[in-house]
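The values are calculated or read from the model by the stated rules, or taken from the named source; none is laboratory data. Keep in mind that what you see is a predicted model, and the values were worked out from it rather than measured. Positions of Cβ are generated from backbone atoms using ideal geometry, with glycine treated the same way; all protein chains shown enter the neighbour counts.
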Amino acid sequence: MTAARDARDELRRVVRTGVRWPADPTGLAMDPARVRRAAVLVLFGVLDAVPAHKRADGQVPADLDVLLQRRAATLGHHPGQVAFPGGGIDPDDDGPVGAALREAVEETGLDPSGVDVLGELAEIALPVSDNLVTPVVGWWTRPSAVAAVDHREAVDVFRAPVADLLDPARRAVVVHPVRRGRVRTPAFELDDGVLVWGFTAIVLSGIFDALGWTVPWDDTRTVTP
């Protein structure tokens, strides 16, 4: 079994070598006049003592987690979806890293001094919301209390065990209508009917593939968000 410290080192390696993102699943063009650069914090670590339900064939430790939140249903873009903490990059931010940490503090209340930033991954285009998003990968060296701070933005903040995300029985595909077409993305089913899909699932799936942690799963199985 990979120890948590080894998982951190493997994540650092993937940040250094890069992740190959799939082609834009929507097939839509970005509107150059409306493009906004944004960043999200993909924060891994041993978040608590509660183990995963599934050990994913020993690929990862049962206590390895990633921090996620559920967006408010009233938001204009991606309402109700599970997402990473993050948002637009402001002029005063220290680039994507500064924006990702600031947004995470504002949305979850985490203490940024306990986050070891491992680096940035290549940005991903989201034509549906005209965003270019940079995933910032971090390791939670000193976890702090987190919760949904502003319920206009997020209604829940929670840990997702990585071994559960890798469980083939919890993996599927979402086909969802967008303007002028449909989008097809990976999906992860968690407890209590929580479904991770769209941009968040694309990022997690790409990182897991690059790490060599992905367990073969049925990519013909579809679920509805």
Original post:
Looking at this structure, is ALA122 over 23 Å from ARG8 (Cβ atoms) and surrounded by fewer than 21 Cβ atoms within 10 Å (Cβ to Cβ)?
Top reply: no
Original post:
So which strands (runs of 3 or more DSSP E) stay within the range 102-209 end to end and still have 1 or more residues that are more than 19 Å from VAL82 (Cα to Cα)?
Top reply: 115-120, 131-140, 181-189
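The rows are residues; the columns are (1) surrounded by fewer than 19 Cβ atoms within 10 Å (Cβ to Cβ); (2) modelled with pLDDT of 95 or more; (3) touching a Cys at 6+ places or on another chain (Cβ under 6 Å).
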| position | (1), (2), (3) |
| --- | --- |
| ASP6 | yes, no, no |
| ARG13 | yes, yes, no |
| GLY27 | yes, no, no |
| ASP48 | yes, no, no |
| GLN59 | no, no, no |
| PRO79 | yes, no, no |
**OP:** Would you mention how many residues in the range 98-119 are surrounded by 19 or more Cβ atoms within 10 Å (Cβ to Cβ) and either aromatic (Phe, Trp, Tyr) or within 21 Å of TRP21 (Cα to Cα) (or both)?
**Re:** 2
Original post:
Just wondering, is there one or more residues in the range 161-182 that are touching an Asp or Glu at 6+ places or on another chain (Cβ under 8 Å), small (Gly, Ala, Ser) and within 21 Å of GLY109 (Cβ to Cβ)?
Top reply: no
